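Take a look at the structure below.
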Amino acid sequence: MWGVQGHGYGGTPALRYRYRLAGCVLLVLHLLTVGWLALRPLTVPWVSAAHLEPLATIRADLALGPWEAARAIGAGVLPLAPLGVLLPWARGRVAASPLGSLTRTVFTGAMVSLALQVVQSGVVGQVLDVDALLLNVTGVAAVHLAVVPAARARLRRRGDVREPAPLRREETPQGVTPTIPRVRIAP
């Protein structure tokens with residue numbers, strides 16, 4: 001197989017573009033689904049006030065017992081958790097800083113969650129809950145930490161990310177650049 005060129009991660013640039021496009025499409029579909037589920041009106045006999053005290057809802061869920069707490073906390077962690085993978089996938093960079101990628105992903109997940117919580121507070125039967133925001137961000141961070149670094153390392157190990165080739169010098173150095181002597185101003 002002498003002379004056969006490997007194209008690396010994603011193959012040709014057109015195929016890499018398709019991967020990014022697929023990531024963007026899945027991201028938009030996920031956000032539309034979460035938005036639809038979070039912003040539909042609920043028919044409830046009563047609505048409690050907004051929950052603005054951090055960890056109060058989580059403590060109340062834990063007081064209900066282990067199964068009910070796992071269900072309630074899981075319902076807060078899971079809706080935005082796929083953003084931990086979809087956001088870096090849509091960006092399409094394999095050779096990214098792990099800390100920078102985590103920071104960007106968690107910040108974006110927090111802003112999406114905050115926007116959902118604020119808009120959700122205007123929907124009938126829905127209330128603003130700080131703990132839902134904390135659980136959503138925890139889900140995004142946990143999925144990102146569990147999947148993205150390992151996937152990027154695997155892609156780099158396969159030799160999919162190539163370092164850019166150093167630029168070739170067209171000319172050889174010819175020595176010191178000549179200087180022009182200063183001309184004095186006449187008195």
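General observations
- Residues that are on the phi > 0 side of the Ramachandran plot and not in a loop (DSSP other than H, G, I, E, B), drawn from the range 64-119: none
- Number of positions in the range 49-102 that are loosely packed, with under 13 Cβ neighbours inside 10 Å and within 30 Å of residue 153 (Cβ to Cβ): 4
- Hits in the range 96-148 - residues which are touching a residue at least 12 places away in the same chain (Cβ under 8 Å), over 16 Å from the mean Cα position of the chain (by Cα) and more than 21 Å from residue 56 (Cα to Cα): 119, 123, 124
- Qualifying residue in the range 68-78 (condition: acidic (Asp, Glu) and either out of contact with any Gly (no Cβ under 6 Å at 6 or more places or on another chain) or under 22 Å from residue 34 (Cβ atoms) (or both)): yes
- For beta carbons closer than 8 Å, sequence separation of 6+ or different chains, a first residue in the range 55-78 that is among the acidic types (Asp, Glu) and a second that is open to solvent by less than 60 Å² (accessible area, probe 1.4 Å), the qualifying pairs are 61/69; 61/72; 61/73; 68/61.
- Within the range 1-39, being over 19 Å from residue 130 (Cα atoms), at pLDDT 85 or above and either in a loop (DSSP other than H, G, I, E, B) or open to solvent by less than 90 Å² (accessible area, probe 1.4 Å) (or both) holds for 21, 22, 23, 24, 25, 26, 27, 28, 30, 31, 33.
The values are calculated or read from the model by the stated rules, or taken from the named source; none is laboratory data. Keep in mind that what you see is a predicted model, and the values were worked out from it rather than measured. Virtual Cβ from ideal backbone geometry, glycine too; neighbours counted across all protein chains shown. Surface areas here come from the heavy atoms of the whole protein model, side chains and all, with no ligands, DNA or RNA. Shrake-Rupley method; radii C 1.70, N 1.55, O 1.52, S 1.80 Å.
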